[in-house]
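Everything below concerns the one structure shown next.
The values are calculated or read from the model by the stated rules, or taken from the named source; none is laboratory data. The structure presented is a predicted model; accordingly, all values stated were derived computationally and were not measured. Heads up, the Cβs are rebuilt from the backbone with ideal geometry, glycines too, and the neighbour counts pull from every protein chain shown. These accessible areas exclude ligands, DNA and RNA; they are computed on the full protein's heavy atoms, side chains included. Shrake-Rupley method; radii C 1.70, N 1.55, O 1.52, S 1.80 Å.
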Amino acid sequence: MKLLSAKQLSYSFEYELFSDVALELFTHDSVAIIGVSGSGKSTLLHLLSTLLEVQKGNVELFGEDIFKMKDKKLSTIKRDKLGIVFQSHYLFKGFSAYENLEVAQILSRQNIDNKLLEDLDIKDCIHQKVTQLSGGQQQRVSIARVLTKKPSIIFADEPTGNLDKKTANSVMKLFFDYCQQNDAGMIMVTHDNELAQMCKRVYVLEDKKLIQIK
């Protein structure tokens, strides 16, 4: 099943970042986008995830053009079907790690999965305040919060940036297993070419174009 389709995407600030970008995502699919800093990787991810408004081109989610959707329906899709792992964690600092997961649980009406906490190795620290956690622990809590929602599409911006190589590889496997078990797909932006190559398809954003290299 096709989860996402983007065609002829272009975006500019004071200068053109990229133009005529096309990308598709299917169930059980994983896509990595690499490129030098400033090439527009995160901007492209934000367009695909509806965080940024498209300037030119179009994006379809689950077979529907986002521009033709009513605001309420798009908001529901963003809440229930899209999960975004940011480079910054954006956790609620006054809450414990578990309370952060409870927010996702309430909004999505999904249960917190204890196995997920074990797989991410955060079960022992889950009741600590977010400010007491290391950067790597906060990153894993952020990932757990997203997966608690049971999204159909995971958008990940440098999701393993604060993790050591072994933990990063474990997190990637967790993402892939999740996509298989939940008929989901993932689009990831990363500087790490080795991690990118673990995905089914790899694209590089350079010279204002998105080029498939795997």
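Miscellaneous remarks
- Count Lys and Arg as plus one, Asp and Glu as minus one, and take only other residues whose Cβ is under 9 Å from that of residue 6; the net charge is then -1.
- Cα-based helix-to-principal-axis angle, 97-108 vs the chain, degrees rounded to 10: 50
- Inverse mean reciprocal Cα-Cα distance (Kirkwood Rh) of region 80-164, Å: 12.6
- In degrees, nearest ten, helix 165-181 long axis to first principal axis of the chain (Cα): 70
- Antiparallel DSSP beta bridges within the chain, as percent of all bridges there, nearest 5: 55
- Per-q log10 I(q)/I(0), region 65-104, q = 0.23 Å⁻¹ (Debye; single scatterer per alpha-carbon; no solvent): -0.84
- Portion, in percent, of the accessible area of the chain that falls on carbon or sulfur, probe 1.4 Å: 48
- For region 131-211, the spread of Cα coordinates along the three principal axes comes to 42, 27, 21 Å, biggest extent given first.
- Region 89-214: Lys pairs at Cα distance under 13 angstrom, eight or more positions apart or on different chains: 5
- Normalised convex hull volume, the chain, alpha-carbon set, Å³ per residue: 121
- In this view, the solvent-accessible surface of residue 92, computed with a 1.4 Å probe and all protein chains in place, comes to about 100 Å².
- Exposure ranking of 79, 201 by accessible area [1.4 Å probe, largest first]: 79, 201
- Eligible aspartates and glutamates near residue 56 by straight Cα distance, threshold 15 Å, same-chain separation 8 or greater: 16, 20, 65
- Relative contact order computed over the chain (Cα-Cα under 8 Å; 6+ residues apart), in percent: 31
- Annotation for region 61-102 versus region 9-46: alpha-carbon center distance of 19 Å.
- Using a simple spin-label model with pseudo-atoms 7 Å out from Cα toward Cβ, residue 93 and residue 193 lie 3.8 nm apart.
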